[in-house]
Structure formats: C-alpha cells, structure tokens
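First comes the structure, then the notes that go with it.
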Amino acid sequence: MFETNYRNSLPGYTGHVPGKIENDMPPDNKEPRKHIPGYGGYVPGVKSENVFGQTYGKTSYQSSAGAFHRGIDEPANLKYQSLFKAEFIQHADKQHETTAQIVGVQRQQDSYKKPIPPDTVYKFFGVDTKQGDEVVQKQQYEKNKQAFFNVQKDQTFQQTKPSQSEEDALKVFYGVEEPKNQAPRNGDPIPGYSGVNRRVQADNVFGMTYAEARRRAQESQNRITTEKGETLRQTSQFVPEYKRPKQDDLWY
C-alpha cells in the first residue's frame with residue numbers, strides 16, 4: 001500500500017487535510033504460521049525464489065517468517081553457495097538426538113547389585129560350611145536344592161489337553177464342520193499359473209489365496225451350469241405344438 005504524503009501536495013489544493021495521518025498497512029507483529037499439506041492457495045516467495053527440497057510445512061513456515069532471501073540481489077554467502085553446501089551437516093559439531101530422547105525414555109544410570117555370597121546361599125539350603133570340603137558342600141547343596149524345589153531327574157511332565165474354547169463349543173452345538181484341506185487334484189493349476197481361470201475376473205474375486213479364489217470361481221461356475229440345465233429343462237416344455245414332430249413322423 002502507498003502512504004499519502006500531504007506535505008507535498010500541489011499548490012492550490014483545497015481539499016481536506018487530516019490532522020493525524022493513519023497508515024493502513026497491516027501490523028508487523030503477525031506470528032509466522034505454516035499451511036497444512038493440501039492447501040492450494042498462494043504462498044508468497046516459494047515459486048519465485050525457487051524454494052524446494054523441503055516439506056510443505058517447512059516451506060510455508062519459512063515464507064511466513066521471511067526466513068529466506070527474496071529478490072535478485074543476493075549476498076555473496078547465498079549467491080555462491082551450492083546445494084551440497086547448503087544441505088551439508090557437520091555431524092562433529094551438531095549434537096543429534098539419541099534414541100532414548102526420540103522415543104521419550106529417560107535413561108537412568110546403570111546399577112549393579114552385589115552378588116549373594118556363597119556362604120549365605122549354603123546356609124539358606126541348610127548346608128554347614130564348617131563341615132567337609134568344597135566337594136561335599138556342593139553335593140549337599142545340590143541335594144538340598146532338589147528337595148527344596150521337589151525336582152527329580154526321572155520326573156516327566158505331561159501336558160494336559162487344553163479345554164474347549166467357547167467358539168469351538170458353539171461350532172459343535174450348531175453342527176458347523178470346518179472344511180478339510182484337500183490336496184490339489186491332478187491337472188489343477190498350481191499357484192503361479194498365469195493362464196485363464198474361469199469366473200475369477202468375471203466375479204471380481206480378489207483379496208484371498210490362489211486356491212481359495214479358484215474354489216469360489218469353481219462354485220460360481222457350477223452354480224451357473226446348474227441354472228442353465230434347470231432353465232433348459234423348464235423352457236423345453238413350452239415349445240409350440242406346430243413345431244413338435246407328429247407321432248406318425250417319428251421313426252422310433
């Protein structure tokens with residue numbers, strides 16, 4: 001917007017001269033903001049300054065904040081700067097976020113507990129450390145340990161049969177039988193066969209395994225064949241009488 005200067009008015013101007021000049025420029029305290037992806041409006045300076053290589057949110061935010069230079073008179077540090085130098089990151093000087101900081105986990109200092117002394121363990125299992133040598137104490141410790149946990153070498157654990165689930169019980173109650181997996185017959189196409197499978201594309205069968213798609217397509221084909229035979233049987237009874245062969249013309 002242009003600002004009117006009433007001091008330089010033409011001589012002989014008899015119009016109104018306000019005592020206070022108000023500028024109609026928008027305020028400069030506007031906070032920068034970014035547009036959401038998909039905004040199709042005008043973003044100043046993005047195409048004219050050839051800003052690329054960043055996300056839409058970052059580009060629109062830099063345009064609103066005036067973070068990039070505009071105009072043909074660029075300073076030397078921008079005019080002779082290559083794209084590689086602009087995107088180069090000195091990893092030795094920049095401290096990146098750790099995995100714990102990205103995930104949001106506050107890692108604590110590693111703490112190690114002091115191991116329990118062997119004498120304390122032996123006393124817990126009733127081994128007298130004053131009698132016998134280390135071999136005798138070890139044997140007594142293993143014996144008392146097995147007795148404490150009731151573990152025997154020849155003991156075998158038998159896995160109990162899991163109880164019947166609610167879903168299986170409902171299937172048994174309503175007499176629902178699960179289809180059995182049958183091996184492919186000789187001549188059936190195997191997965192990977194790129195030839196024609198009838199009714200697969202016609203019925204728009206997708207989103208399942210190759211065998212399941214062929215099974216549904218075959219059911220559809222069998223249903224169509226049955227309907228054709230039933231329709232032919234019913235329509236054959238409505239043949240006009242004059243087209244039917246006479247009884248005398250029949251040779252059999």
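Figures for the structure shown
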quantity: Cα→Cβ-extended label distance, 7 Å offset, between residue 230 and residue 86, nm; calculated: 7.2 nm
quantity: Cβ-Cβ FRET estimate between residue 35 and residue 119, R0 fixed at 51 Å, reported to 0.05; calculated: 0.10
quantity: Highest-first arrangement of 143-149, 57-63, 210-216, 43-49, where packing means the average Cβ count within 10 Å; calculated: 57-63, 210-216, 43-49, 143-149
quantity: Global form of the range 195-240, assessed from the alpha-carbon gyration tensor, a/c cut-off 1.5; calculated: prolate
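Read the figures in this text as sums done on the coordinates, not as results from a lab. Note that the structure is a prediction, hence the values are computed from the model and not measured. Glycine gets a Cβ as well: all are built from the backbone with ideal geometry, and neighbour counts include every protein chain shown.
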